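Written out below as structure tokens is the structure these notes cover.
The values are calculated or read from the model by the stated rules, or taken from the named source; none is laboratory data. Predicted model, so just to flag it, every value in this text is computed and none were measured. Methodologically, a virtual Cβ is constructed for each residue, glycine included, from the backbone with ideal geometry; neighbour enumeration extends over all protein chains shown.
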Amino acid sequence: MESACPIGVFDSGYGGLTVLQSIVRRLPRYDFMYLGDNARAPYGNRSYQTVYQYTRECVQWFFSRGCPLVILACNTASAKALRTIQQHDLAESKSPNRVLGVIRPTTEIAGRLSRSGNVGILATQGTVNSASYPIEIQKFFPGLKVFQQACPLLVPLIENNEHQGPGADYFIKKYSDALLSQSAQIDTVLLGCTHYPLIMDKLRAYFPPSIRLVPQGDIVAESLADYLIRHPEMEIRCSKNGKSSFFTTDSPEDFDRHAGIFYEMGIRSEEVFL
Ligand code: DGL
């Protein structure tokens, strides 16, 4: 039998680390391999074809390193590339490997989070345009009202380490106001981009305290734990030494310095050429 390997966790840049952090806390025995495609981030405004092509290259890289399971810890990639990878690439090649996203687990529980039945979503332009959240949520919670707001400048600000500056406040307020203006009934806001937990304190300042802001990390971690229980044939292929390794398509020095600000453990990344 082939040897067990780490679970891959992918994002266009730093945002997926917010998901990895939750996953490592929930599943500390497992090994993880994180790849940030920082050289080509952000993905948020790119076309379907481009997001699919970039994501596919990264998924293939994980597979070439032996990862049996890859989590797309990126809503944009989950919205624009996951279905094609699952239904076309994996199905056609009859690969035993699996790729999972972050939108499905979030939409599966979205209706349980809101009392008023009105949920807001903050996400990239690509995720909003794909309508993945409203479409998926309707399958699980047909009565739930979903309001979306695209925040095209937030990921670029975070990727460029400008998210703590006053310039970020202008856009965070603008996007928060735009979402709230869609309905006074919204009581829950899903952070539909894995970068946004990095600006949680600022988001909190622009939403009334009565509104619950929900990051995805813990939701995705719980869903992965459940998946591994339900799929012992995959679970056995995942190595368990409690180790994480980090890779970036851009400068490792930049990645380590920047990522270290918001990831609990120190990071020493390696550069990857796709
Ligand atoms: N973290 C990605 C997401 O969840 C950001 C996408 C981007 O690169 O714009 O959507």
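Go through region 128-181 and report how many residues are polar (S, T, N, Q), surrounded by 19 or more Cβ atoms within 10 Å (Cβ to Cβ) and within 16 Å of the ligand (Cβ to nearest atom).
4
Within region 218-251, take every residue that is among the β-branched types (Val, Ile, Thr) and out of contact with any Ser or Thr (no Cβ under 8 Å at 6 or more places or on another chain) and give me the one that is nearest to Ile23 (Cα to Cα).
Here the residue is Ile229.
Among the residues of region 51-62, which ones are within 11 Å of the ligand (Cβ to nearest atom) and hydroxyl-bearing (Ser, Thr, Tyr)?
Within region 51-62, Tyr54, Thr55 qualify.
Go through Phe140, Phe147, Phe171 for me and flag whichever is of a type in the set (Phe, Trp, Tyr) and touching an Asp or Glu at 6+ places or on another chain (Cβ under 8 Å).
Phe140
Among the numbered criteria (1) more than 13 Å from the ligand (Cβ to nearest atom); (2) out of contact with any helix residue (DSSP H, G or I) (no Cβ under 9 Å at 6 or more places or on another chain), which single criterion is violated by Gly16?
Status for Gly16: all satisfied but (1).
Is there any pair with a first residue in region 46-68 that is closer than 19 Å to Pro6 by Cβ and of a type in the set (A, V, I, L, M, F, W, C) and a second that is part of a loop (DSSP other than H, G, I, E, B) and modelled with pLDDT of 95 or more whose Cβ atoms are under 7 Å apart and which are 6 or more apart or on different chains, and what are they?
Cys58/Asp37; Trp61/Val272; Phe63/Asn97; Cys67/Pro6
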